[in-house]
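Here the structure is laid out as structure tokens; the discussion comes afterwards.
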Amino acid sequence: MRKIIVAIILTFSIGKKSQAQITGNDTLDIIKKTYNQLWELGDINQKGTFRLVSYKPIYVTAGRISNNPNEKPKSENPLYTANDAEDFNTIEAKFQLSFKTKVIQGLFWNKGDVWIGYTQQAHWQVYNKNISRAFREINYEPEIIFRYPIQLKVVGGEIKSIGFALNHQSNGRDLPLSRSWNRIIFHIGYEIDNWIITFNPWIRTSDNEDENPNITKFIGNGEINISYNYNRHEFYAIATHPFNQLRGGSIQLNYVFPMKGHLRGHIQFFNGYGETLIDYNHRQTTIGIGVSFANW
């Protein structure tokens, strides 16, 4: 607990000292981009192909506390249930990297684009000497994304794009801790004032060696992302849920605040199932604090 308190104090101290150092250019750099700019929709926003840009949020969490660490992961498939429990700390570090690049521009009436995206999320038992400070879980998520711009006025805002993604997610581990699934993720993007809302229902594709048979019953059949930007502060939420039952799903709440330039402080709260693939059927509540480099 002492380590995470120190991390919190350092984060807020740096943020306070940096406020006075933000220049006009820094301020412009951290203003939230519009949805059209994020996905280069419309002729004015086109930047060409094979430019590497941020995709999902990029952040480092120095201290993340869990009320219920998953020390003995299990699966409905008995081959993928751990035999021995691990001595995990309740405090660990977490980071996420995420990038995308456009590989085809101007499909279907010179409007649709194809992107390749990659996201990696790591949970690191960096304070745990008993297991040599090992990584507890790393999730790899490559995908092929198609976006098509539309302009449809709805409830004072506008639906900006529709599309889908071919998505693979796995943790690259051996039996019995291997986890993976493949999805077709559909997409609707909506923007109103300083709000961006995306709705992403998905269909899980078949898997002959199912390592996590009931993953959609726990994590869900879709995701909704809601982000709000106020000056240089951002609030965003990510929620998942099964559409055919009350139990399951998760909620992640994030507050991102300015520190200096592209660097921002980040507070994250999570409750539910599936913070990582190994935890797909494990419920926990976590809270962490760190720094953020790129957001939605």
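The values are calculated or read from the model by the stated rules, or taken from the named source; none is laboratory data. Owing to the predicted nature of the structure, the values given are computational and were not obtained by experimental measurement. Please note: Cβ atoms are built from the backbone with ideal geometry, for glycine as well, and neighbour counts cover all protein chains shown. Surface areas here come from the heavy atoms of the whole protein model, side chains and all, with no ligands, DNA or RNA. Shrake-Rupley method; radii C 1.70, N 1.55, O 1.52, S 1.80 Å.
Some notes on this structure:
- Each other residue within a Cβ distance under 13 Å of residue 188 adds +1 if Lys or Arg and -1 if Asp or Glu, for a net charge of -1.
- Taking all protein chains together and rolling a 1.4 Å probe, residue 191 ends up with roughly 30 Å² accessible.
- Accessible surface for segment 95-153, divided over its residues, is 52 Å² per residue with a 1.4 Å probe.
- Fraction of accessible area attributable to carbon and sulfur, segment 46-90 (%, probe 1.4 Å): 49 percent
- The calculated pair-distance distribution of segment 180-296 uses every alpha carbon pair, bins of 5 angstrom beginning at 0, and gives 2, 11, 18, 19, 19, 14, 10, 5, 2, 0 percent.
- C-alpha center-to-center spacing [segment 52-103, segment 140-165] in angstrom: 27 Å
- Extension gain, residue 184 to residue 47: 0.36 nm times the residue separation minus the Cα-Cα distance gives 46.7 nm.
- Relative to the current alpha-carbon distance between residue 85 and residue 285, full extension at 0.36 nm per residue lengthens the span by 70.0 nm.
- Overall form of segment 123-197 per C-alpha gyration tensor (a/c, 1.5; a/b vs b/c): oblate
- Percent RCO, i.e. relative contact order, over the chain, from Cα pairs under 8 Å lying at least 6 residues apart: 19 percent
- Projected label points at residue 148 and residue 129, each 7 Å from Cα along the beta carbon direction, are separated by 6.0 nanometres.
- Backbone N atoms of segment 147-183 closer than 19 Å to the 7 Å Cα→Cβ label point of residue 114 belong to residues 147-149, 162-168, 183.
- Per-residue [θ]222 nm for the chain (sum of -39500 (n - 2.57) over DSSP H runs n ≥ 4, rounded to 500): -3000 deg cm²/dmol
- The chain: C-alpha gyration tensor shape, a/c 1.5 cut-off, then a/b vs b/c: oblate
- Only protein heavy atoms count here; on that basis, with a 1.4 Å probe, residue 190 has an accessible area of about 40 Å².
- Dipole of the chain, positive end: most advanced residue of 289, 157, 134 [Cβ charges, Cα centre]: 289
- HN-Hα J in Hz across segment 235-240 - Karplus 6.51, -1.76, 1.60, θ = phi - 60°, x for Gly and Pro: 10, 9, 10, 10, 10, 10
- Accessible surface of residue 84 - all protein chains present, 1.4 Å probe, nearest 10 Å²: 120 Å²
- Lys, Arg +1 and Asp, Glu -1 on Cβ, resulting dipole of segment 123-166 about Cα centre, debye, nearest 20: 180 debye
- Percent accessible area from carbon and sulfur atoms, segment 220-296, protein chains only, probe 1.4 Å: 64 percent
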